[in-house]
Amino acid sequence: MPLSSPHGFLTTDSIGQGPSSKLTSVEMDIAFILLLPLVSAQTFRWGPCPSPSVQPDFDLQKYLGKWYEIEKLPARFERGTCIEANYSLRPDNTIKVVNVQTRKGKVKSIEGTAVVQDTREPAKLGVSFSYFTPYSPYWILSTDYTSVALVYSCTDVLRTFHIDFAWILGRSRILPAETIFHAKQIFYGGNIDISSMTPTDQHGCD
């Protein structure tokens, strides 16, 4: 459930895109050194982003509403507890995204915007939390709309490595173990390594 994502790289490419020119080893080493502070608290892997399948016939109206974060890959902007996201449709047909978390005893929220970037693939959204940053991929890989949703975001960095995020979301703060197990199998089936995924503390939130 994206609260934000890394931006401002020297050159970045979203899922399925890439530059036509090749980089020298020196350029790649420089880029890695410059980007290291940004990825130190993220999940990054060598090679380009995977291209997993997304939810077929995605229905945005059914997806709107509140989702609770159940598990996620490490993200430097999500270190709190009781993390949740609220999605609602604006009059201009953009999607209002309000993410909330509790950290150090304080409830913090951030508002962003999501858009359907290609109506032919409505499950592939873009999300931004600043006017000064481009939209980051927000792909709904699978959802039943009423209990669980699997979300993936990935950004290529110079086609050398990628930084990815993955979330298991629930309509309730706690999901059955078998539901979480099945969700993880879907990620693995999409060639997404979620071995470092960790649970989000949703206890004592209400």
Only one residue in 174, 180, 168, 140 is of a type in the set (A, V, I, L, M, F, W, C) and more than 29 Å from residue 47 (Cα to Cα), so which one is that?
174
So which of 79, 45 ends up being within 16 Å of residue 164 (Cα to Cα), out of contact with any Gly (no Cβ under 8 Å at 6 or more places or on another chain) and either in a loop (DSSP other than H, G, I, E, B) or at pLDDT 50 or above (or both)?
45
Looking for whichever is hydroxyl-bearing (Ser, Thr, Tyr), in contact (Cβ under 8 Å) with a residue 40 or more places away in the chain and surrounded by fewer than 13 Cβ atoms within 10 Å (Cβ to Cβ) here; the options are 196, 109. Which one fits?
196
Residues being touching a strand residue (DSSP E or B) at 6+ places or on another chain (Cβ under 9 Å) and without any contact (Cβ under 8 Å) to a residue 12 or more places away in the chain: count how many of those fall in region 162-186.
1
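Residues checked against (1) of a type in the set (A, V, I, L, M, F, W, C); (2) touching a helix residue (DSSP H, G or I) at 6+ places or on another chain (Cβ under 9 Å):
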| residue | (1), (2) |
| --- | --- |
| 157 | yes, yes |
| 160 | no, yes |
| 164 | no, no |
| 170 | no, yes |
| 175 | yes, yes |
| 178 | no, no |
| 181 | yes, no |
| 186 | yes, no |
| 196 | no, no |
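Kindly indicate which of 159, 173, 103 is touching a Cys at 6+ places or on another chain (Cβ under 8 Å) and either more than 22 Å from residue 87 (Cβ to Cβ) or of a type in the set (Lys, Arg) (or both).
Being touching a Cys at 6+ places or on another chain (Cβ under 8 Å) and either more than 22 Å from residue 87 (Cβ to Cβ) or of a type in the set (Lys, Arg) (or both) holds for just one of 159, 173, 103, which is 173.
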Is it the case, given these coordinates, that residue 159 is touching a residue at least 24 places away in the same chain (Cβ under 8 Å), assigned to a loop (DSSP other than H, G, I, E, B) and in contact with a Gly (Cβ under 7 Å, 6 or more places away or on another chain)?
yes
So which residues in region 114-149 are open to solvent by 50 Å² or more (accessible area, probe 1.4 Å), more than 30 Å from residue 176 (Cβ to Cβ) and without any contact (Cβ under 8 Å) to a residue 60 or more places away in the chain?
116, 117, 119, 120, 131, 132, 135
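The values are calculated or read from the model by the stated rules, or taken from the named source; none is laboratory data. Quick caveat, the model's predicted, so the values are computed rather than measured. As a convention, Cβ positions derive from the backbone with ideal geometry for all residues, glycine included, and neighbour counts pool all protein chains shown. Each accessible area value is taken on the protein alone, full model and side chains, heavy atoms only, with ligands, DNA and RNA left out. Shrake-Rupley method; radii C 1.70, N 1.55, O 1.52, S 1.80 Å.
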